[in-house]
Protein chains: 4
Amino acid sequence: METHKGDNPNKYGSSAPNLVNRQTNAKDTVINVNGIEIGGEEIVIIAGPCAVENMEQILETARAVYSGGANILRGGAYKPRTSPYSFQGLGEEGLRYLSQARKETGLPVVTEVMDTREMELVCKYADIIQIGSRSMHNFPLLKEAGKCRKPVLFKRGLMATIDEYLHAAEYILSEGNREIILCERGIRTFETSTRNTLDLSAVPVLKRQTHLPVIVDPSHGTGHSWLVPAMAKAAIAAGADGIMVEVHNKPLEALSDGQQSLYPEEFVQLVKDLDKISQAMGRRLFLHKSLLA
Amino acid sequence: METHKGDNPNKYGSSAPNLVNRQTNAKDTVINVNGIEIGGEEIVIIAGPCAVENMEQILETARAVYSGGANILRGGAYKPRTSPYSFQGLGEEGLRYLSQARKETGLPVVTEVMDTREMELVCKYADIIQIGSRSMHNFPLLKEAGKCRKPVLFKRGLMATIDEYLHAAEYILSEGNREIILCERGIRTFETSTRNTLDLSAVPVLKRQTHLPVIVDPSHGTGHSWLVPAMAKAAIAAGADGIMVEVHNKPLEALSDGQQSLYPEEFVQLVKDLDKISQAMGRRLFLHKSLLA
Amino acid sequence: METHKGDNPNKYGSSAPNLVNRQTNAKDTVINVNGIEIGGEEIVIIAGPCAVENMEQILETARAVYSGGANILRGGAYKPRTSPYSFQGLGEEGLRYLSQARKETGLPVVTEVMDTREMELVCKYADIIQIGSRSMHNFPLLKEAGKCRKPVLFKRGLMATIDEYLHAAEYILSEGNREIILCERGIRTFETSTRNTLDLSAVPVLKRQTHLPVIVDPSHGTGHSWLVPAMAKAAIAAGADGIMVEVHNKPLEALSDGQQSLYPEEFVQLVKDLDKISQAMGRRLFLHKSLLA
Amino acid sequence: METHKGDNPNKYGSSAPNLVNRQTNAKDTVINVNGIEIGGEEIVIIAGPCAVENMEQILETARAVYSGGANILRGGAYKPRTSPYSFQGLGEEGLRYLSQARKETGLPVVTEVMDTREMELVCKYADIIQIGSRSMHNFPLLKEAGKCRKPVLFKRGLMATIDEYLHAAEYILSEGNREIILCERGIRTFETSTRNTLDLSAVPVLKRQTHLPVIVDPSHGTGHSWLVPAMAKAAIAAGADGIMVEVHNKPLEALSDGQQSLYPEEFVQLVKDLDKISQAMGRRLFLHKSLLA
């Protein structure tokens, strides 16, 4: 409906805005995080708990996902929760625990920021800033992320069209930050057997319209741990550059999202399966030197 | 899925949380804004442009809606826009223009806040703080609204279930602010002939589950000015305590949402029609003394 | 996507096809059923049980809705049910019971047909043929309805856009039957507090695009009897030409949809309320002479 | 909401009804069509045009998909179209052309039936009866399909939950026909960049709840031929037993769905890619002896 001054319709009839559009930058954007390349030939795996709960939990899970083949550690210190009475995250204490986990495992860390006032703090601790699904339309937050000097893992809103998603990403790019990792994580539909409907078609659509890397989160996308392996494999087969999955050292005791978290041993098996699919796609997993040896 | 410690399922099988729940407060919450009661017997009309564009536009529109029967003036100084290249609002300058319009017409002013850092500023100027649809899940912002001493017009997210909406309202109440006006403004569905699908069933559902006043925004709910009168009347017939409509002195020149803005003369006719429906519902419009005389 | 040879875009940018389009027939279509006019100035009320269950139930309910002010009796003899193990309706036996109810009360009868092979039989018994929501895309059935000489109450599919709905109605018109009553009955969305989301905006959209009468079914549209009165009133305020509601002599014992059926005394109160809203709209209820006396 | 007498909730909390439920038949149902096994270890490919348009078109396309590696030929003789003025299919003439194509290539044929009155005729010509998405809730048609002695390719309704889909399949099984192939073909959501949203999570959900084979139609699921290869690969990686794709000898001249039809040479490449993914999944394509030689 709105007309956008910066819009530049491309040959695919895309209405993707200027900076995000593949026409303005035909070359794939590859983001380097401590030597790990996101958006290149290799498939990247991000794993960890929904929330950082305590030092022991995050260290134990970090070690488990590291040895299972994860490249980046995830974990929330600030948690957007439906109810104000649910666990809201440990805040800066959680960020410190993540730092400790990075120190021990060498894994870079991605964690969510929800408030413009916390951007500076989160940027100090994180290797990658996450903007969550509920914040996709938080334009002041996007502008702050655009000014920060860290890559941004930018999740699609659960009821955002792909067109709106790309316009929101443009908010970040137009402030000067070009290191954006897009992430399909399920959209809201009428279907109730899954928590959300994982929209895997978004992967090839996004890859065609934009030069940015695209990953998939099958944990939030399905809401059930038993569905995660099938959908993670499907994501790679659809052309995703990586996946982000929830793994917890003790899923049954998780303070949030335990139902959709993999056990460490399930994660190990998943990585092996993803290796096969990646090769069938002419790609390969990014693996730590220690695991390759 | 989540269990909420503060939840208190009521006799209607509601999962509405504690403070928002009608069981904890059977009496309707009535909010008094400069003598205008919202949530009482009288129907309240909020009108004005989507965005404050300049002094002349807001003053002219304010005078028009005042003399047409509006009780409260709306107008955005901070605008959430799909594209970063669209008009983003005048910021504090817009707030000053709204103050001037209030001074001239006596109409209280409602305006949106998008960023926790701007809450204090907006609170200083506004009579009612608006939390927009895209911010419904911005929990840090809700907590700040809960600490502010102004009533909050809290719009339903276009992707939010009624249950999630009530839990989000609880974020505001649990910080100490009980003066919340709920607002149905359309949800996203597959239908494309309207901008959103106005979910009028939400009105009786909300009135049953909570003690808070409920109004309806048929302008965003439909996206077309010619649909606004029919849906405004339907909203009152469904039991709403008021409506919020977009009116612009020159809709064809509007910087945003011109397509869904009423001409002043259309607004005048609408108020007359709403008066009849209100009476058929055993209620009446809240009218300024000057108009009653 | 498809181009339609018979399409004739009108001044409203409508893509409504030729015969259904208001441009080809600016005059409202008014359908006369035994002296009851549907689509004229008067508001029509259709009431009765979801399914015909036995002679006593249909007669008792028919008498109740007649004396409460209903103009037409509804009741299903062929029932589309989610499960093959649920009650499927009485078939021709149910049609005979409906005839008996008509004989006793004088109320014309509307009942659903699901199968092309049963069209002739249902046409023989019914005053109005109903095509249900699940059959909206059953094109062979629509063509048969187009050949039958009875008015058709044609419900919108719960998954159909308004554009698809009008193209489906065109299937009936293009076979020669112009007596179609459109019926909004709720669409499927993500919201779960109501069975469907009643899309009342469809009423003014349909009235603008087509010359056909439009009624609303708030029983299926909400799924809860306590929501029916509010949404029935809203439907009339939105401009509907009538409503269709489920009433059962003993809702708690209903074989289907008991949860959304009104008690006879609730129906009596509803008609009184609808009378007030109708008058506020400059219209009036169609009332039997016996009730007017 | 409804309770179903035959329901038998299983250990997965499934509400899948009795006959369709994996608990009543833990063994995978494998359907044999002229020596091609559907639901076994091998992956099956169904290909052909949306509609049978003329003898030359269907023969040419049949030869192309045969030599490209298809196992079964698809093509519609009865076409459900949004507008009554669009091409409605050739009817029995189309069925005869399909027979000719089968004779020349040896490929079994799947074609849609829309009307109970045509079931016998379509059964006579087809090797597999298709029930299309718009007919998923056509219960009389399902019952007739249950009485026919041919396997049924039963597509999910575009707005049906998985639970409703399984209850609808039960209509077919409960009449005695156990040879049902389920087919995910995209659901309707708010996203507009694809024709439908292909719900690939439905594949593992269906495989867990039922013993029936599950295939995927990425042509209708996406609506754009350039998206078909990515989503066909993702479907196999998600665990599907096969795919159904639209191929046309001259897509630009197609009377329907040309936009989503592959060129024959695109189909050849797709089969090669699917072969790799199938092997990565520990499976393999079903290939004609002539192609293996």
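Kindly evaluate B:Lys124 against the criterion of being within 14 Å of chain A (Cβ to nearest Cβ), surrounded by fewer than 24 Cβ atoms within 10 Å (Cβ to Cβ) and modelled with pLDDT of 95 or more. So B:Lys124 does not fit the description; no. Taking (1) modelled with pLDDT under 95; (2) closer than 29 Å to C:Glu191 by Cα in turn, C:Met136 satisfies each apart from (1). Scanning region D:77-98 turns up at least one residue that is among the β-branched types (Val, Ile, Thr) and farther than 22 Å from D:Glu37 by Cβ. Candidates are the residues of region D:167-207 that are over 16 Å from the mean Cα position of the chain (by Cα), assigned to a loop (DSSP other than H, G, I, E, B) and of a type in the set (Asp, Glu); the one that is farthest from the other protein chains (Cβ to nearest Cβ) is D:Glu175. Considering region D:67-96, the residues that are surrounded by fewer than 24 Cβ atoms within 10 Å (Cβ to Cβ), more than 14 Å from chain C (Cβ to nearest Cβ) and not polar (S, T, N, Q) include one that is farthest from D:Lys150 (Cα to Cα), namely D:Gly68.
Right, A:Ser225: more than 9 Å from every other protein chain (Cβ to nearest Cβ), of a type in the set (Gly, Ala, Ser), surrounded by fewer than 24 Cβ atoms within 10 Å (Cβ to Cβ) and touching a residue at least 24 places away in the same chain (Cβ under 8 Å) or not?
Details: more than 9 Å from every other protein chain (Cβ to nearest Cβ): yes; of a type in the set (Gly, Ala, Ser): yes; surrounded by fewer than 24 Cβ atoms within 10 Å (Cβ to Cβ): yes; touching a residue at least 24 places away in the same chain (Cβ under 8 Å): yes.
Answer is yes for this residue.
A:Gln259 passes every criterion in (1) surrounded by fewer than 21 Cβ atoms within 10 Å (Cβ to Cβ); (2) under 19 Å from A:Ser67 (Cβ atoms) apart from (2). Do we find a residue being over 24 Å from C:Ile38 (Cα atoms) and aliphatic (A, V, I, L, M) anywhere in region C:237-245? No, every residue in region C:237-245 fails to be over 24 Å from C:Ile38 (Cα atoms) and aliphatic (A, V, I, L, M).
Restricting region D:236-271 to residues that are in contact (Cβ under 8 Å) with a residue 12 or more places away in the chain and charged (D, E, K, R) leaves a set whose member that is nearest to the other protein chains (Cβ to nearest Cβ) is D:Asp257.
Yes or no: B:Pro213 out of contact with any Ser or Thr (no Cβ under 9 Å at 6 or more places or on another chain), buried (at least 22 other Cβ atoms within 10 Å of the Cβ), more than 14 Å from chain A (Cβ to nearest Cβ) and modelled with pLDDT of 95 or more? The answer is no for B:Pro213.
Of all the residues in region D:4-35, those that are acidic (Asp, Glu), at pLDDT 95 or above and in contact with a Pro (Cβ under 6 Å, 6 or more places away or on another chain) number 0. C:Gln269 falls short on exactly one of the conditions (1) in a helix (DSSP H, G or I); (2) within 14 Å of C:Pro49 (Cβ to Cβ); (3) out of contact with any helix residue (DSSP H, G or I) (no Cβ under 7 Å at 6 or more places or on another chain), and that condition is (2).
Quick check on region B:31-61: of everything there that is among the small types (Gly, Ala, Ser) and surrounded by fewer than 19 Cβ atoms within 10 Å (Cβ to Cβ), which residue is farthest from the chain's Cα centre (by Cα)? Residue satisfying both the conditions and the ranking: B:Gly35. Which of the residues belonging to region A:181-213 are of a type in the set (Val, Ile, Thr) and free of Cβ contacts under 8 Å to residues at least 40 places away in the same chain? Hits for region A:181-213 are A:Ile187, A:Thr189, A:Thr192, A:Thr194, A:Thr197, A:Val203.
So, A:Gly282, is that one within 11 Å of chain D (Cβ to nearest Cβ), small (Gly, Ala, Ser) and either part of a strand (DSSP E or B) or in contact with a Lys or Arg (Cβ under 7 Å, 6 or more places away or on another chain) (or both) or not? So A:Gly282 fails the test. Evaluating D:Gly221 against the criteria (1) in a strand (DSSP E or B); (2) more than 13 Å from D:Ala47 (Cα to Cα) leaves one unmet condition, (1).
The values are calculated or read from the model by the stated rules, or taken from the named source; none is laboratory data. What you are looking at is a predicted structure, and each value in this text was computed from that prediction instead of being measured. Note: ideal-geometry Cβ built from the backbone for every residue, glycine included; neighbour counts use all protein chains shown.
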